[in-house]
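Engineer: Here it is, the structure in full.
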(Lines give C-alpha, C1' and ligand atoms only; values in the text may rest on other atoms or scores of the structure.)
Protein backbone atom coordinates (compact mmCIF):
# COMPACT_ATOMS: atom_id res chain seq x y z
CA UNK A 1 0.00 0.00 0.00
CA UNK A 2 1.33 3.43 -0.95
CA UNK A 3 1.81 6.04 1.74
CA UNK A 4 0.78 9.62 1.01
CA UNK A 5 2.11 12.60 2.94
CA UNK A 6 -0.13 15.63 3.38
CA UNK A 7 1.29 19.03 4.29
CA UNK A 8 -1.24 21.16 6.15
CA UNK A 9 -1.41 24.96 6.47
CA UNK A 10 -1.33 27.32 9.42
CA UNK A 11 0.54 25.50 12.20
CA UNK A 12 -0.10 28.55 14.38
CA UNK A 13 -3.40 30.06 13.20
CA UNK A 14 -5.04 26.61 12.79
CA UNK A 15 -3.27 25.15 15.81
CA UNK A 16 -6.35 23.46 17.28
CA UNK A 17 -7.88 22.36 13.97
CA UNK A 18 -4.61 20.72 12.96
CA UNK A 19 -4.27 18.97 16.31
CA UNK A 20 -7.79 17.62 16.07
CA UNK A 21 -7.32 16.26 12.55
CA UNK A 22 -4.00 14.63 13.51
CA UNK A 23 -5.58 12.97 16.56
CA UNK A 24 -8.65 11.87 14.57
CA UNK A 25 -6.43 10.26 11.93
CA UNK A 26 -4.60 8.32 14.64
CA UNK A 27 -7.76 7.30 16.52
CA UNK A 28 -10.02 6.48 13.56
CA UNK A 29 -7.76 5.36 10.69
CA UNK A 30 -10.58 3.28 9.19
CA UNK A 31 -12.49 6.48 8.41
CA UNK A 32 -9.57 8.10 6.58
CA UNK A 33 -8.15 7.19 3.19
CA UNK A 34 -5.69 4.33 3.32
CA UNK A 35 -2.03 5.13 3.75
CA UNK A 36 -2.54 8.83 4.51
CA UNK A 37 -0.06 10.52 6.84
CA UNK A 38 0.48 14.12 7.94
CA UNK A 39 3.89 15.00 6.51
CA UNK A 40 4.19 18.47 8.06
CA UNK A 41 2.31 21.56 9.18
CA UNK A 42 3.57 24.74 7.54
CA UNK A 43 3.29 28.45 8.26
CA UNK A 44 4.82 31.01 10.59
CA UNK A 45 4.62 32.54 14.00
CA UNK A 46 3.00 35.97 13.64
CA UNK A 47 5.30 38.91 13.05
CA UNK A 48 8.30 37.03 11.63
CA UNK A 49 9.85 39.19 8.91
CA UNK A 50 11.31 36.21 7.04
CA UNK A 51 7.80 34.95 6.44
CA UNK A 52 6.43 35.14 2.90
CA UNK A 53 3.47 34.06 0.83
CA UNK A 54 0.94 35.68 3.18
CA UNK A 55 1.75 38.44 5.66
CA UNK A 56 0.93 37.50 9.25
CA UNK A 57 1.05 40.16 11.95
CA UNK A 58 1.39 39.87 15.72
CA UNK A 59 3.86 38.35 18.15
CA UNK A 60 4.38 34.99 19.87
CA UNK A 61 6.18 34.53 23.19
CA UNK A 62 9.07 32.12 23.43
CA UNK A 63 7.07 29.90 25.76
CA UNK A 64 4.22 29.66 23.26
CA UNK A 65 6.69 28.91 20.46
CA UNK A 66 8.05 26.01 22.49
CA UNK A 67 4.53 24.75 23.22
CA UNK A 68 3.40 24.81 19.58
CA UNK A 69 6.55 23.16 18.21
CA UNK A 70 6.60 20.50 20.94
CA UNK A 71 2.89 19.72 20.46
CA UNK A 72 3.34 18.88 16.78
CA UNK A 73 6.71 17.18 17.15
CA UNK A 74 5.40 14.97 19.97
CA UNK A 75 2.70 13.83 17.53
CA UNK A 76 5.42 12.91 15.04
CA UNK A 77 4.70 15.88 12.76
CA UNK A 78 7.42 18.29 11.58
CA UNK A 79 6.82 22.04 11.72
CA UNK A 80 7.72 23.77 8.46
CA UNK A 81 8.53 27.49 8.42
CA UNK A 82 7.57 29.60 5.39
CA UNK A 83 10.75 31.66 5.19
CA UNK A 84 9.87 32.82 1.66
CA UNK A 85 9.89 36.60 1.94
CA UNK A 86 11.18 37.62 -1.49
CA UNK A 87 12.60 40.94 -0.27
CA UNK A 88 15.02 39.68 2.36
CA UNK A 89 18.46 41.30 2.28
CA UNK A 90 21.61 40.68 4.28
CA UNK A 91 20.58 43.33 6.80
CA UNK A 92 17.57 41.21 7.79
CA UNK A 93 19.52 38.05 8.59
CA UNK A 94 20.28 38.89 12.22
CA UNK A 95 16.65 39.45 13.13
CA UNK A 96 16.39 38.38 16.78
CA UNK A 97 12.82 37.06 16.61
CA UNK A 98 13.31 34.91 13.50
CA UNK A 99 16.57 33.47 14.79
CA UNK A 100 14.90 32.70 18.12
CA UNK A 101 12.24 30.71 16.24
CA UNK A 102 14.91 28.73 14.42
CA UNK A 103 16.87 28.07 17.62
CA UNK A 104 13.70 26.88 19.36
CA UNK A 105 12.83 24.45 16.54
CA UNK A 106 16.38 23.21 15.94
CA UNK A 107 15.94 19.60 17.00
CA UNK A 108 16.61 17.77 13.73
CA UNK A 109 12.91 17.21 12.97
CA UNK A 110 11.67 20.45 11.46
CA UNK A 111 11.72 22.05 8.02
CA UNK A 112 12.02 25.35 6.14
CA UNK A 113 10.59 26.58 2.84
CA UNK A 114 12.98 28.94 1.03
CA UNK A 115 13.06 31.10 -2.09
CA UNK A 116 15.66 33.84 -1.50
CA UNK A 117 19.35 32.88 -1.95
CA UNK A 118 20.73 35.26 0.68
CA UNK A 119 18.43 33.88 3.39
CA UNK A 120 18.77 30.29 2.24
CA UNK A 121 22.57 30.42 2.39
CA UNK A 122 22.47 31.95 5.87
CA UNK A 123 20.00 29.39 7.19
CA UNK A 124 21.85 26.38 5.82
CA UNK A 125 25.08 27.63 7.36
CA UNK A 126 23.61 28.50 10.77
CA UNK A 127 20.93 25.79 11.04
CA UNK A 128 22.06 22.69 9.12
CA UNK A 129 19.74 20.44 11.13
CA UNK A 130 16.64 21.52 9.20
CA UNK A 131 15.32 20.01 5.97
CA UNK A 132 15.15 22.69 3.25
CA UNK A 133 12.39 22.83 0.66
CA UNK A 134 12.20 24.87 -2.53
CA UNK A 135 9.04 26.97 -2.42
CA UNK A 136 6.32 27.27 -5.05
CA UNK A 137 6.68 31.05 -4.62
CA UNK A 138 9.67 30.83 -6.99
CA UNK A 139 7.17 30.23 -9.80
CA UNK A 140 9.30 27.70 -11.68
CA UNK A 141 6.95 26.96 -14.57
CA UNK A 142 9.32 25.36 -17.09
CA UNK A 143 10.43 21.74 -17.03
CA UNK A 144 14.07 22.78 -17.34
CA UNK A 145 13.84 25.07 -14.30
CA UNK A 146 12.23 22.39 -12.16
CA UNK A 147 14.85 19.82 -13.19
CA UNK A 148 17.62 22.29 -12.35
CA UNK A 149 16.05 22.83 -8.93
CA UNK A 150 15.96 19.08 -8.33
CA UNK A 151 19.71 18.89 -9.01
CA UNK A 152 20.23 20.96 -5.85
CA UNK A 153 20.20 19.52 -2.34
CA UNK A 154 16.57 20.25 -1.45
CA UNK A 155 14.62 17.75 0.60
CA UNK A 156 11.55 18.56 -1.53
CA UNK A 157 10.67 20.88 -4.40
CA UNK A 158 7.12 22.23 -4.45
CA UNK A 159 5.76 22.11 -8.00
CA UNK A 160 4.12 25.20 -9.45
CA UNK A 161 0.36 24.65 -9.62
CA UNK A 162 0.28 25.47 -13.35
CA UNK A 163 2.11 22.18 -13.94
CA UNK A 164 -0.32 20.03 -11.95
CA UNK A 165 -1.97 18.46 -15.00
CA UNK A 166 0.86 18.73 -17.52
CA UNK A 167 1.37 15.05 -18.32
CA UNK A 168 4.63 15.66 -20.18
CA UNK A 169 6.09 17.39 -17.14
CA UNK A 170 4.74 14.77 -14.75
CA UNK A 171 6.20 12.00 -16.91
CA UNK A 172 9.61 13.68 -17.16
CA UNK A 173 9.75 14.37 -13.43
CA UNK A 174 8.58 10.92 -12.33
CA UNK A 175 12.16 9.75 -11.55
CA UNK A 176 12.23 12.53 -8.93
CA UNK A 177 8.69 11.88 -7.66
CA UNK A 178 9.76 11.21 -4.04
CA UNK A 179 11.27 14.72 -3.89
CA UNK A 180 8.36 16.62 -5.40
CA UNK A 181 5.41 18.09 -3.52
CA UNK A 182 2.20 18.98 -5.36
CA UNK A 183 -0.19 21.76 -4.37
CA UNK A 184 -3.55 20.03 -4.77
CA UNK A 185 -6.11 22.77 -4.18
CA UNK A 186 -4.64 26.12 -5.25
CA UNK A 187 -7.30 28.84 -5.48
CA UNK A 188 -5.41 31.14 -7.86
CA UNK A 189 -6.25 31.41 -11.53
CA UNK A 190 -4.14 29.46 -14.04
CA UNK A 191 -1.14 31.31 -15.44
CA UNK A 192 -1.81 34.27 -13.17
CA UNK A 193 0.53 37.07 -14.34
CA UNK A 194 0.21 38.84 -10.98
CA UNK A 195 1.11 35.95 -8.70
CA UNK A 196 4.78 36.84 -8.25
CA UNK A 197 4.03 40.53 -7.69
CA UNK A 198 1.36 39.51 -5.18
CA UNK A 199 4.02 37.56 -3.25
CA UNK A 200 6.24 40.65 -3.36
CA UNK A 201 3.40 42.80 -2.03
CA UNK A 202 2.84 40.40 0.87
CA UNK A 203 6.60 40.34 1.56
CA UNK A 204 6.71 44.13 1.74
CA UNK A 205 3.78 44.22 4.16
CA UNK A 206 5.54 41.68 6.39
CA UNK A 207 8.75 43.71 6.44
CA UNK A 208 6.95 46.98 7.17
CA UNK A 209 4.47 45.53 9.67
CA UNK A 210 1.75 47.34 7.80
CA UNK A 211 -1.09 46.17 5.61
CA UNK A 212 -0.99 47.72 2.17
CA UNK A 213 -3.85 48.66 -0.09
CA UNK A 214 -5.88 45.66 -1.34
CA UNK A 215 -3.93 43.88 -4.05
CA UNK A 216 -5.50 44.08 -7.51
CA UNK A 217 -6.23 40.37 -7.79
CA UNK A 218 -8.87 38.70 -9.97
CA UNK A 219 -9.81 36.55 -6.97
CA UNK A 220 -10.72 39.48 -4.74
CA UNK A 221 -14.32 39.63 -5.99
CA UNK A 222 -14.81 35.91 -5.35
CA UNK A 223 -15.74 34.78 -1.85
CA UNK A 224 -13.16 32.18 -0.79
CA UNK A 225 -14.73 28.77 -0.57
CA UNK A 226 -13.75 25.20 -1.25
CA UNK A 227 -16.48 24.78 -3.87
CA UNK A 228 -14.98 27.69 -5.82
CA UNK A 229 -11.52 26.18 -5.43
CA UNK A 230 -12.72 22.93 -6.99
CA UNK A 231 -13.55 24.77 -10.21
CA UNK A 232 -9.95 25.85 -10.81
CA UNK A 233 -8.08 24.03 -13.62
CA UNK A 234 -5.14 23.22 -11.31
CA UNK A 235 -7.38 21.44 -8.82
CA UNK A 236 -6.55 17.78 -8.19
CA UNK A 237 -9.55 15.79 -6.99
CA UNK A 238 -9.42 13.39 -4.06
CA UNK A 239 -9.85 10.46 -6.42
CA UNK A 240 -7.07 11.67 -8.73
CA UNK A 241 -4.49 11.65 -5.95
CA UNK A 242 -4.02 7.88 -6.13
CA UNK A 243 -3.41 8.15 -9.89
CA UNK A 244 -0.51 10.52 -9.24
CA UNK A 245 1.03 7.83 -7.05
CA UNK A 246 0.15 4.78 -9.16
CA UNK A 247 1.10 6.32 -12.50
CA UNK A 248 4.05 8.53 -11.57
CA UNK A 249 5.01 7.87 -7.96
CA UNK A 250 4.08 11.27 -6.45
CA UNK A 251 3.28 10.94 -2.76
CA UNK A 252 3.62 14.43 -1.25
CA UNK A 253 0.63 16.75 -1.46
CA UNK A 254 0.14 20.20 -0.02
CA UNK A 255 -3.13 21.92 0.93
CA UNK A 256 -3.59 25.69 0.85
CA UNK A 257 -5.15 27.64 3.67
CA UNK A 258 -2.97 30.48 4.91
CA UNK A 259 -5.11 33.62 5.01
CA UNK A 260 -8.28 31.67 4.23
CA UNK A 261 -11.35 31.04 6.43
CA UNK A 262 -10.95 28.14 8.85
CA UNK A 263 -14.20 26.55 7.64
CA UNK A 264 -12.79 26.37 4.10
CA UNK A 265 -9.66 24.71 5.45
CA UNK A 266 -11.77 22.18 7.35
CA UNK A 267 -13.71 21.46 4.14
CA UNK A 268 -10.46 20.70 2.32
CA UNK A 269 -9.22 18.40 5.11
CA UNK A 270 -12.45 16.42 5.15
CA UNK A 271 -12.65 16.22 1.35
CA UNK A 272 -9.10 14.99 0.81
CA UNK A 273 -8.32 12.97 3.92
CA UNK A 274 -11.60 11.30 4.91
CA UNK A 275 -13.29 8.44 3.05
CA UNK A 276 -16.34 9.75 1.22
CA UNK A 277 -18.88 7.76 3.23
CA UNK A 278 -17.57 9.21 6.52
CA UNK A 279 -17.17 12.86 5.52
CA UNK A 280 -20.34 14.22 7.13
CA UNK A 281 -19.75 12.23 10.30
CA UNK A 282 -16.14 13.32 10.67
CA UNK A 283 -16.89 16.96 9.91
CA UNK A 284 -19.37 17.02 12.78
CA UNK A 285 -16.96 15.21 15.11
CA UNK A 286 -14.21 17.70 14.32
CA UNK A 287 -16.55 20.67 14.85
CA UNK A 288 -17.72 19.29 18.20
CA UNK A 289 -14.15 18.78 19.33
CA UNK A 290 -13.23 22.32 18.30
CA UNK A 291 -16.24 23.68 20.18
CA UNK A 292 -15.03 21.87 23.31
CA UNK A 293 -11.68 23.60 22.82
CA UNK A 294 -13.43 26.97 22.54
CA UNK A 295 -12.72 27.40 18.83
CA UNK A 296 -15.41 28.97 16.67
CA UNK A 297 -15.84 27.61 13.16
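The values are calculated or read from the model by the stated rules, or taken from the named source; none is laboratory data. Since we're looking at a predicted model, the values are computed, not measured. Here Cβ is always computed from backbone atoms with ideal geometry, including for glycine, and neighbour counts include all displayed protein chains.
Engineer: Among the residues of the stretch 121-128, is there at least one that is surrounded by 15 or more Cβ atoms within 10 Å (Cβ to Cβ), in contact with a helix residue (DSSP H, G or I) (Cβ under 9 Å, 6 or more places away or on another chain) and in a helix (DSSP H, G or I)?
Structural biologist: yes
Engineer: Identify all residues within the stretch 147-172 that are touching a strand residue (DSSP E or B) at 6+ places or on another chain (Cβ under 7 Å), without any contact (Cβ under 8 Å) to a residue 40 or more places away in the chain, under 15 Å from residue 250 (Cβ atoms) and in a helix (DSSP H, G or I); write none if there are none.
Structural biologist: Of everything in the stretch 147-172, just one residue is touching a strand residue (DSSP E or B) at 6+ places or on another chain (Cβ under 7 Å), without any contact (Cβ under 8 Å) to a residue 40 or more places away in the chain, under 15 Å from residue 250 (Cβ atoms) and in a helix (DSSP H, G or I), namely 150.
Engineer: Run residue 185 past the list (1) over 17 Å from residue 233 (Cα atoms); (2) modelled with pLDDT under 95 and report the number of the one that doesn't hold.
Structural biologist: The failed condition is (1).
Engineer: So which residues in the stretch 246-277 are surrounded by fewer than 17 Cβ atoms within 10 Å (Cβ to Cβ) and in contact with a strand residue (DSSP E or B) (Cβ under 8 Å, 6 or more places away or on another chain)?
Structural biologist: Listed by number, the list holds a single entry, 275.
Engineer: Looking at the stretch 282-297 only, could you name the residues that are closer than 13 Å to residue 24 by Cα and surrounded by 14 or more Cβ atoms within 10 Å (Cβ to Cβ)?
Structural biologist: Correct list: 282, 283, 285, 286, 287, 289, 290.
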